[in-house]
Structures are given as structure tokens and as C-alpha cells.
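Below you'll find the structure, written out as C-alpha cells, and then a few comments.
The values are calculated or read from the model by the stated rules, or taken from the named source; none is laboratory data. Treat the numbers as computed from the prediction; the structure is a model and nothing was measured. Ideal geometry is used to build each Cβ from the backbone, glycine not excepted, and the neighbour counts take in all protein chains shown. Heads up: the accessible areas ignore ligands, DNA and RNA and are worked out on the full protein's heavy atoms, side chains in. Shrake-Rupley method; radii C 1.70, N 1.55, O 1.52, S 1.80 Å.
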Amino acid sequence: MEISFEQEISQLRLGAGDTFHGEGILAITKALLESGVSYIGGYQGAPVSHLLDVMVQAKDLVAELGVHVEACSNEASAAAMLGASIHYPLRGAVTWKSIVGTNVAADALANLASPGVTGGVLMVIGEDYGEGASVVQERTHAYAMKSGLLLFDPRPELQNMVDMVRHAFRASEASNMPAMMELRIRACHLRGSFACSDNRRPTVSALAPLAEPAAFDYSRLAHPPSTFRHEKLKVEERIPAARNYILAHQLNELRGGRHAQVGIVVQGGISHALLRALQDFGAADAYGHSEVPLLILNVTYPLVHDQIAEFAAGKDALLVVEEGSPEYIEHEIASVLQRHGLKTVLHGKDMIAATGELNPEAMLNGLAQFFARHLPAVDVQPVRAQLDATAARRLQLAAMLERVPAAAVAPVAAALPARPPGFCVGCPERPVFSALKLAQQDVGPVHVAADIGCHSFATFEPFSLGHSILGYGMSLASRAGVSPVMQRRVISIMGDGGFWHNGLLTGVQSALFNGDDAVLLIFKNGYTSATGTQDILSTPGKANKATAADKTASLTATDRTIEDTLAGIGVKWLRTVHSYRVTTMRRVLREALTTDFRGLKVIVADGECQLERQRRIRPWLEAMLARGERSVRVKYGVDEDVCNGDHACMRLSGCPTLTLKDNPDPLKVDPVATVIDGCVGCGLCGENAHAATLCPSFYRAEVVRNPRWRERALDALRAVALRVLRPA
Ligand code: SF4
Ligand code: SF4
């Protein structure tokens, strides 16, 4: 990983009397160090990657404190790491992206929560739900309920978030329950400040190791008959202890308001959105003072039943503002009201959107219904008018886009350009999908089992390749039921990140064991690129990375860990092909899909992530130029006089720098292809032109900076020749 977190690491060194200014996720990281954690681990994923990325680079700081940092191979290994806190008084923290990461971690989590913990444990979870999410839409809340985990959902303000981290460790120790803290995208990236404390050196750590292991204690094993006792402990001791802690330290916030006949219960993480919506009704101010009583749940599991009953007592109606479905909090509050014999009318998902992020429009809609029914003192008409106007504008736009002639739509379309995600310019995965498209022209269409990773961009135009995505590293396993019923072989796509995360065990091992006739295409780009280009087991060391800026080749054959692993566990048909060699890749794909060899066939597409490569070579290039050294930049272009305007090159490439421009020939109407300045000279344009026998309009140019005297002389000579030969 070529990004430097030097500045962030200096923030982590702040102490008592200092004020931290910065992003939410970094504030959480700092709070972990202030809480005296002995170990930190995790598996990166948006929006919490930053925590682990920073810690991995903060080697000096963690060594000074004696904190052990582990970049885990997946979320299951991160959750299992927390087992250190079952017997020992060690505080530990791990991080990953939910819900997918929590699914992977679920087995270890259940086996951790059953015996419970001695040292405080905190999982910092990226709650990737709602707008901008990149995973299936489910809630982490279910895991907290089923396994008996504390679930913090802090109001997104830095001081509060940091305080909740400190409380999470203490509450975990007081109740023996592992704690989770869910952080949404906005909470991770919001900026603010908080008053720092000194970082705490853990009492037990790599600097102060334990002399002896804990005494054998069968009751600490998640094994029957201990598990039967654990179940009772959860219900009879741990959850009550957690509730006592939450109440005693007032972790949930009560905000009074003059409209005491109603109240709103809200998850802490979305409470600011609620306050903003209340402002539109004139029922709150910009400082968070509300005229409607609020119960802000910084801890959403376990709920403190007595606190809820007390809040509801004497009110005509309660509204539960809870994101997503099912409405776990609302259901529990309904049973609290019932058991306490309260007649308070309960609203929630009958008024608040059941799916999607609770954006301002969704909040306003729900509140308008609630106030109209239960709080006539609040005038809902201005908000209703605002919502109606928004709805009308949306309808108007939809009508324009569907029915109105293109010319009339143009101004709107220009304001809202479609921006589907796609591969970076020069990505080494794009040429492989070009080759796969071409290979299918030879063998016919095949079922493509896709996976999580940058390669999933191939599911978009112009490739549209991929029939299913079952999870990270799951593509080979996901074709096990499809392959036997297909006349043509199925191809499974997997990144090197997915291979190490899960694919080696769930896919490769199973296919070999069952003797499956399968084809696996692994993208060896050197990093887990989709999560922020973190290093993996097969990331080549610096010495092995090519630095020559004028070479398109980069990581080829510099690291063979994946190939050696595959060969070691018995893969007999294995080919490594440079990603940018489209003709070769097409031939090898065709061979894999048609060979008489029955068994697992693996093609390793070898080419460094271009994003990471550019990060690496740019400073190197700048330094070269500053020293006056010669550098060559390759760039591709299209001869507009030769381009026939059929755009076959674009349908095979999808590179954003290969685009269109008006045809300069007044006798032709079709726009011609053109390569704009962002081209990184990956070579795909030339490769595709050859592999697919396209029109000969592409040319390869070399932009030489700080040329040698011979090149200057040759250039002058060419300029003279051109002047002579050019028609007057
Ligand atoms: S991050 Fe790397 S692997 Fe991912 S799309 Fe960009 S160049 Fe390709
Ligand atoms: S050579 Fe072609 S595919 Fe590669 S970066 Fe340039 S325009 Fe894009």
C-alpha cells in the first residue's frame, strides 16, 4: 500500500490537554489507544478501513505502547482473535465491514459470546447500509440480539463517539458481553474535535507478557455442558448487568421538550438527521434542542426496559425512528409497553420508511404523519408543501426523461450525468474481460460466477459479465451446483484478495476434493484493491516491484505465492498469463473451457493494480524529472482519418479515456473514437486492435521528457522532413 498516514499517526500521539481535530474513524482509533487496548485486528472494508490501515503503519507508536496489531486474513480470524479476552484481562478491538463481514465472523462471534469475556472487547463495525452502500442491505442488530452482544450506535459527534468507546470497554467488562459499535459512512467521515487523554499502555502486553497461562477452566469453553450455563448467564446475569451499566452511566440521552404528551425514540447514529428534520417543523434548533422529548439510544442492544417504560409513561404516543427492517427496536418497545401495562400508542414502521436510508425526505414524511395524528400544535403544512413540491419535481423529471424529445431533456441530462462505476483507467482487469468476451465468441456464451472485488465492475457495460455474486471469495464454490448441469464449462472469477480471504478453502479445496471439472480465473493484481489496496500474503516486496515508468509490465512473475499454493495442494492445470496480453489470454481461456483435461483448471491473470502502480511511480517520475533525467510516457491515440466510427474498440474496452468526438470529416456523421489525456498507456487499445482484428486506427506514441541530444536532433530532422513533405 503506497498511501502514507504519517499525519494521522501524529494525531494518535496527542495527549491530555490536547484537542484532536479530524475524522470520526480516526477519533475512534485514538480512543482505542486511550482505552489501553492490548491488541487490535480486523479486516478492512468501507467505511472503517482507515482504522486498520493507520494502525498497520503506526509501527513505532504501537511498539512503544506494546499494542499488537494484526491484519487478519478475514473477519472470522479477526473475531477469533478476540478469544484472547476470554481468560485474560486484555482489552482488544477489531474492525470490519458489516453486514458481510459479520456474516463471515458469525461462528467465532457466537463462540466468543457464549463463554463471555473477561477483558473488554470492542468490534468497530462499518454499518454499510443505505445510500452509498456496497453490500446487501441487512442490519447488524440481528447479531447483537441472537448472540448477546452489546450494540453501540453513537450519536455522531466526536466527543460522544470517543466517550462511547471508553464506555464500551467498561460495559463489556461489567457484563462480560463483547461489544459492537456500528458506524455509518457519515459517522466515519464527519470531522470534528474532542478533548484527548493520554494513550494508555496496557497492563498486559507484548512489553509486559504474562508469565503463566490461565488455569484450566472448562466453564470457559463454548462446549456442552458449559454452553447450557452460558445461555442462562446471558439472560440472567450479563444482559441485566449491561442494562445496569447503561443506566448508571446514562449512556442513552434524554432530551426534554415542551410537548411532553409525545416522544421519539431514535437510534443514536441517525439522531442528527432526526434533529435536522425537526428543525424543518420548527420543533428543534440548530444546537440540538428539541421541543419534542427524545430518547437517543447510544446503545441499541440491550434496550433498558425500565428506561423506556419511564420515558413512555404519561405520553399519548411514541414514535420509534429506526433504520431499515425488521423493526427490532420497535418490536421490543411494543412488548415493554405491553408488559408495563402502558396505553401509549406506538408508531414506527407504519410511518417511517421500512427500507433504505432515513434521509431528510423519509424523516419529514414520517414526522408529518406523526405530528398530524398526535401533535396538532406543530404545523405540518409547510413541510407537506415542501414534500409535495419535491414529489412533483421528481414526477416532472421522470416524465421529461420518458416522453419529451431528446433535445428538451438535454439540459436536465447535462446537469445529472450518469456515472456508473467502472475500472480505473489502465486497470489490468479490463483486458482480461476483453479477452473473455472474445473467447466467448469462439466457444459460445458461458455461465460466469462472479465475486466481490474490483472485477465485479465487469458486471457493468460494456462487459455485462457475471451471473451471480455469493460473497467474497465464493465464486468457485458458487458454481458447484451449476457446472454439472451445463454443457459448456462455467468460469469463476476471483481476485487475489478473495482467494486469500475465503476462496482457497471454500472454493479450491472443495473443487479439488470433489474432482470438479471447473475453471477458475484469479486476478493477481497484488493487493485487495477494492477495499483500499491493502497488502496481502502475495503482495510482492518493494524490491520486486518494477519502477521503470516506460514499462507496461509490472508485477508479472515477481510473486508466485498463489501459484505455489495451488500447485502444492494439487492443482494440475495451472497457467499464469500477463493480464494485458489479450490474444494470449483469449487462447488460454479457450483452452481452459474446451480442453479434455477434467478437473480444476486455474488461470492466474498477472498484472499490478494500476491505481497502486500510479501512486508508486508518480513520485518516482517527478523526482526523475526534477533531476533532469530522461523519462518516457507511453500514450495511445486514434487516427481520426482512419477510424471508421463503428466503436467496436469501446465495446471491448470500456476505458474512460477512450471516448468519442465529432467526426472531422464533413461527409461522415458517426463520431470517431479518441483517446483523451488521462491515458496511462496500458497498451490495451493496441492489444484489442490486434486480438479482435479491429480497424488499424490506433497508434502508440512515446512522450519523451528530458530527451537526449540524439533524440533532439532526430526530432529536428523529422520536423524539417514534415515541413518539406506537407502539402502547401
Ligand atoms: S483499484 Fe486497481 S484493480 Fe481496482 S479498478 Fe482500479 S486499477 Fe483496477
Ligand atoms: S491504452 Fe487504451 S485502454 Fe489503456 S489507458 Fe490508454 S486509452 Fe485506456
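For (1) open to solvent by less than 90 Å² (accessible area, probe 1.4 Å); (2) hydrophobic (A, V, I, L, M, F, W, C); (3) farther than 24 Å from ALA439 by Cα, each residue gets a yes or a no:
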{"position": "THR657", "(1), (2), (3)": "yes, no, yes"}
{"position": "LEU660", "(1), (2), (3)": "yes, yes, yes"}
{"position": "PRO664", "(1), (2), (3)": "yes, no, yes"}
{"position": "ASP677", "(1), (2), (3)": "no, no, yes"}
{"position": "GLY686", "(1), (2), (3)": "yes, no, no"}
{"position": "ALA692", "(1), (2), (3)": "yes, yes, no"}
{"position": "TYR699", "(1), (2), (3)": "no, no, yes"}
Quiz prompt | Candidate set from region 163-189 (those that are under 17 Å from the mean Cα position of the chain (by Cα), outside any helix (DSSP H, G or I) and of a type in the set (A, V, I, L, M, F, W, C)); member that is nearest to VAL235 (Cα to Cα) | solution = MET181
Quiz item: ILE40: crowded, with 19+ Cβ neighbours inside 10 Å and under 24 Å from the mean Cα position of the chain (by Cα), yes or no?
Solution: yes
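Yes/no per residue for (1) outside any loop (DSSP other than H, G, I, E, B); (2) exposed (fewer than 12 other Cβ atoms within 10 Å of the Cβ); (3) away from ligand 1 (no atom under 16 Å from the Cβ); (4) not hydroxyl-bearing (Ser, Thr, Tyr):
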{"residue": "ASP641", "(1), (2), (3), (4)": "no, yes, yes, yes"}
{"residue": "LEU652", "(1), (2), (3), (4)": "yes, no, yes, yes"}
{"residue": "ASP670", "(1), (2), (3), (4)": "no, no, yes, yes"}
{"residue": "VAL704", "(1), (2), (3), (4)": "yes, no, yes, yes"}
Quiz item: Of all residues in region 131-154, how many are in contact with a His (Cβ under 8 Å, 6 or more places away or on another chain) and open to solvent by 20 Å² or more (accessible area, probe 1.4 Å)?
Solution: 0
Quiz prompt | Pair list, Cβ < 6 Å and 6+ apart or interchain, from region 89-114 residues that are under 21 Å from ARG229 (Cα atoms) to residues that are assigned to a loop (DSSP other than H, G, I, E, B) | solution = ASN111/ALA222; LEU112/LEU82; LEU112/PRO178; ALA113/GLY148; ALA113/LEU149; ALA113/PRO178; SER114/ALA222
Quiz item: What are the residue pairs meeting all of these: first residue in region 264-285, first residue open to solvent by 10 Å² or more (accessible area, probe 1.4 Å), second residue part of a strand (DSSP E or B), Cβ atoms under 6 Å, and 6 or more apart or on different chains?
Solution: LEU275/ALA284; ALA284/SER290
Quiz item: Can ALA208 be described as over 30 Å from ASN298 (Cβ atoms), open to solvent by less than 90 Å² (accessible area, probe 1.4 Å), in a loop (DSSP other than H, G, I, E, B) and free of Cβ contacts under 8 Å to residues at least 12 places away in the same chain?
Solution: no
Exercise. Of the conditions (1) away from ligand 1 (no atom under 13 Å from the Cβ); (2) at positive phi, HIS501 clears all except one; give me its number.
Key: (2)
Practice problem: Would you confirm whether any residue within region 405-422 is surrounded by 15 or more Cβ atoms within 10 Å (Cβ to Cβ), within 16 Å of ligand 2 (Cβ to nearest atom) and either under 22 Å from VAL582 (Cα atoms) or at pLDDT below 90 (or both)? | Solution: yes
Quiz prompt | Search result, residues across region 318-336 that are hydrophobic (A, V, I, L, M, F, W, C) and open to solvent by less than 10 Å² (accessible area, probe 1.4 Å) | solution = LEU318, LEU319, VAL320, VAL321, ILE329, ILE333, VAL336
Quiz prompt | Residues being in a helix (DSSP H, G or I), within 15 Å of ligand 1 (Cβ to nearest atom), of a type outside the set (A, V, I, L, M) and touching a strand residue (DSSP E or B) at 6+ places or on another chain (Cβ under 8 Å) - total across region 431-488 | solution = 4
Quiz item: Which one of the conditions (1) outside any loop (DSSP other than H, G, I, E, B); (2) over 30 Å from VAL588 (Cβ atoms); (3) open to solvent by 40 Å² or more (accessible area, probe 1.4 Å); (4) touching a residue at least 60 places away in the same chain (Cβ under 8 Å) does GLU629 fail to meet, given that it meets all the rest?
Solution: (1)
